[in-house]
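The values are calculated or read from the model by the stated rules, or taken from the named source; none is laboratory data. All values derive from a computational prediction rather than experimental measurement. Accessible surface areas use protein heavy atoms only, side chains included; no ligands, DNA or RNA. Shrake-Rupley method; radii C 1.70, N 1.55, O 1.52, S 1.80 Å.
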Amino acid sequence: MEFKTFVFYFLSAILVFAGLRVITSRNPVHAALFLVLAFFSAAGVWMLLQAEFLAIALILIYVGAVMVLFLFVVMMLDINLDRLREGFWSYLPLGSIIALLMVAEMALVLGGNYLGLFESSVPQAAADVSNVKAVGRLIFTEYVYPFELASVILLVGIVAAVALTQRGKRKNKSVNPAQQVFVKAADRVRVLQMPAEKRE
């Protein structure tokens, strides 16, 4: 088995396992960690295909924003953060394993490129051809319908997340300034007459 094939199967196995754990994990923190691992493994597969732009975009956009997304969902769904923080150190073993897997993936992909263990079976483009330009042309010509469908699915997800938070009418704590102007002191303040108390 070639080294490139071994790295592909290694990354694919981790990607499938992480994807399954994202949807089967009951703990939202564990699900977010496995989602980060899944994105990182997919970026490694893109690196094997010599699509560096897509790999870096996947890491910067998705891996960099997934924790913000997770916090956004936690804030919108009113999850008790104190209960999540109670077992903070219990997440350390899982986080360490995921971090070690990421380091191993980087070592396999980048080390294999530097040591020349990968065969250049992917057709090389000319120096004046832009990889980003080719991806953009394909997205907006041949794959425009799947691209638009993905945007509609994301829009439905956003609307569903907002609809989940609007469970009922919330009490508004704002005060009407017109009512404040016409308030009389007698309506708000009551003076009580109490006899003085003397210590004997």
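In a fully extended conformation the segment linking residue 163 and residue 147 would gain 3.3 nm over its present Cα-Cα distance, using 0.36 nm per residue. Taken one residue at a time, the phi angles of region 154-163 give Karplus couplings (6.51, -1.76, 1.60, θ = phi - 60°) of 5, 5, 4, x, 5, 5, 5, 5, 5, 5 Hz. Gly and Pro are set to x. Heavy-atom accessible area, probed at 1.4 angstrom with all protein chains present, ranks 137, 21, 199 as 199, 137, 21, highest first. Counting only residues at least eight positions apart within a chain, or on another chain, the lysines with an alpha carbon under 28 Å from that of residue 173 are 184.
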